[in-house]
1. Are there strands (runs of 3 or more DSSP E) fully within region 61-149 with at least 1 residues that are among the hydrophobic types (A, V, I, L, M, F, W, C), within 23 Å of Pro8 (Cα to Cα) and modelled with pLDDT of 90 or more? List them.
2. Residue check: is Ser67 among the polar types (S, T, N, Q) and more than 16 Å from the chain's Cα centre (by Cα)?
3. Could you please let me know if Val56 is assigned to a helix (DSSP H, G or I) and of a type in the set (A, V, I, L, M, F, W, C)?
4. Between a residue in region 6-20 that is within 16 Å of Asp49 (Cα to Cα) and any residue that is among the hydrophobic types (A, V, I, L, M, F, W, C) and crowded, with 20+ Cβ neighbours inside 10 Å, which pairs come within a Cβ distance under 7 Å, given they are 6 or more apart or on different chains?
5. What do you reckon, is Lys112 touching a residue at least 60 places away in the same chain (Cβ under 8 Å), in contact with a strand residue (DSSP E or B) (Cβ under 7 Å, 6 or more places away or on another chain), surrounded by 14 or more Cβ atoms within 10 Å (Cβ to Cβ) and of a type in the set (D, E, K, R)?
6. Only residues that are within 17 Å of Ala48 (Cβ to Cβ) and out of contact with any Asp or Glu (no Cβ under 9 Å at 6 or more places or on another chain): list them for region 92-125, please.
7. If you check Thr28 against the conditions, is it modelled with pLDDT of 85 or more and hydroxyl-bearing (Ser, Thr, Tyr)?
8. Suppose we keep only residues that are within 11 Å of Val12 (Cβ to Cβ) and small (Gly, Ala, Ser) within region 33-60. Which one would you say is surrounded by the fewest Cβ atoms within 10 Å (Cβ to Cβ)?
Amino acid sequence: MFLCELVPAAVVQSPLGIPVTLTAAPNTQGGNGCDYKGASNGPITLTADTISDAGVYKTIFDQRLRSMGPTQHLVSGVGDAAYYDLKQGQQIPKYLGVNFTQQSIVFRTEGKIVNFILMIPGDGGPKASMLALATYTISKPIDRLKDPT
């Protein structure tokens, strides 16, 4: 089972309030991921990856939880531990003059670390929408995701 099967594009599109149709394609480079893409006045991209919560990945996640950056903060009610990150005014060289917002939610659940990163033109979506997406994902059998090794 792959992440795109657990979290289909239509499910992603709805809570984030994305007005354009998204497509989903597996991305297994470095994890068990899914790329969700759509277009408006610039690309809308949501990248989702899962990796085993062990070894160096566990260490990095634990360190991040103890040392949040200025745009990051802990959130509760999402898995065993989670943080949210918001970076506004991001630029993509291909889309000059368009400001993007990058939002992420990273959480630990069922022996996996799951990372959603949304790049969207404008001011981004509500934080509650990213949390809803994470909550939906946790309701699925994350532990059955295939590792791409």
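1. 81-90, 100-109, 112-121
2. yes
3. yes
4. Val7/Cys34; Val7/Ala48; Pro8/Ala24; Ala9/Leu22; Ala9/Ala24; Val12/Leu22; Val12/Leu46; Val12/Leu133
5. Considered against the rule, which asks whether it is touching a residue at least 60 places away in the same chain (Cβ under 8 Å), in contact with a strand residue (DSSP E or B) (Cβ under 7 Å, 6 or more places away or on another chain), surrounded by 14 or more Cβ atoms within 10 Å (Cβ to Cβ) and of a type in the set (D, E, K, R), Lys112 comes out as yes.
6. Leu118, Met119, Ile120, Gly124, Gly125 - these are the residues of region 92-125 that are within 17 Å of Ala48 (Cβ to Cβ) and out of contact with any Asp or Glu (no Cβ under 9 Å at 6 or more places or on another chain).
7. no
8. Result: Gly38.
The values are calculated or read from the model by the stated rules, or taken from the named source; none is laboratory data. Note that the structure is a prediction, hence the values are computed from the model and not measured. Glycine also receives a Cβ, built like all others from the backbone with ideal geometry; neighbour counts cover every protein chain displayed.
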